[in-house]
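Values in this text are rule-based calculations from the coordinates and carry no lab data. In this text the structure is predicted, and so the values were computed from the model without any measurement. Cβ coordinates were reconstructed from backbone atoms using ideal geometry, including for glycine residues, and neighbour counts include every protein chain displayed.
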Amino acid sequence: MTVEILYPEAMNLYGEQANARYLAKAAGAELALTHLYARPRFTYGDVALVYMGSGSWSGQLLARDALTPWIGDLIKRTEQGGTTLFTGSAFEVLGKYIQDEEGGCQPMLGLLPFYTDRSFLNRYNAIYLGKLGGETIVGHKSQFGWSHLIPDAPCPLPGPLSFLFRTLRGSGLDRGTAWEGLRSKNLMATAVPGPVVIQNPPLARYLLALMGSGAPLLCADAAAASYRARVREFSDPGRGVVY
């Protein structure tokens, strides 16, 4: 079993490699680090999880350029049910384009039917509380832009598309919307950055199951206690959302 991290030198803004490393260690899987412009392991080998985390604006452009030659392979992987997770600003790389406040526009991979408005003068930082099925998800948002679905836009990934999380506190894809992240089969993408997998044992167990591993979580008791405390804190109506 192999867990592949894409472009760690460009897409590790919040130490997000730890998400994939945690799952790989729990599952006893080989860890493959695919660097910029190397051929991704998932294009020629059996990979249980492909992961990409947050990066800066320049990192996003590097990741886009590096992954562009392998778009067809990523589509094929998704069609076959392969598990893939993009978190934080890696989510934006999957959209149609990113436009800025000065009218500039950069095309992205075009795999999901949305675009992102970006303003470096208006950063949004907030707690996030949501649901994945019946399980509570906690995390944070730290972003310069908002993503907007494009109705009827062509989507090369297999349908039907669905949202990943239902928002309880904080904001989803767009300011004030109830839904966060998108999903096509087992390709999942969310703008929630940071160690979202480690912070959420239910999500970690879910991903391990999709990977075909029944292994227990590492440090399960400590992870569960931390998770319960964070859920209580983020659910408290007296706790501010935006900070």
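Of all DSSP beta bridges confined to the chain, the antiparallel ones make up roughly 60%.
Using θ = phi - 60° in the Karplus curve 6.51 cos²θ - 1.76 cosθ + 1.60, the 3J(HN,Hα) couplings for the stretch 220-233 round to 4, 5, 5, 4, 5, 5, 5, 4, 4, 5, 5, 4, 4, 5 Hz; x is entered for Gly and Pro. The phi torsions of the stretch 137-142, fed into the Karplus equation with coefficients 6.51, -1.76 and 1.60 and a -60° offset, translate into couplings of 10, 10, x, 9, 10, 8 Hz, rounded to whole numbers, with Gly and Pro shown as x. Note on the stretch 141-238: percent of Cα-Cα distances in each 10 Å bin, starting at 0 and stopping at the bin with the largest distance, equals 13, 38, 35, 13, 1.
Would you mind ranking 148, 35 so that the residue whose beta carbon has the fewest other beta carbons within 10 Å leads the list?
35, 148
Which of 11, 37, 187 sits closest to the plus end of the dipole of the chain, meaning its Cα is farthest towards the positive end, when Lys and Arg get +1 and Asp and Glu get -1 on the C-beta? Ranked along the dipole, the leading option is 187. Between 150, 127, 75, the GNM of the chain built on Cα springs shorter than 10 angstrom shows 150 fluctuating the most. Sequentially through the stretch 199-211, phi angles give Karplus couplings (6.51, -1.76, 1.60; θ = phi - 60°) of 5, 10, x, x, 5, 4, 5, 4, 5, 4, 5, 5, 6 Hz, Gly and Pro residues having no value and appearing as x.
Normalised by residue count, the stretch 2-235 yields a Cα convex hull volume of 114 Å³ per residue. Using only side-chain charges placed at the Cβ, +1 for Lys and Arg and -1 for Asp and Glu, the dipole size of the chain relative to its Cα centre rounds to 560 debye. Under the criterion of Cα pairs below 8 Å and six or more residues apart, the relative contact order for the chain equals 20 percent.
In the P(r) worked out for the stretch 37-176, what percent of Cα pairs fall beyond 25 Å? It works out to 29 percent of all Cα pairs.
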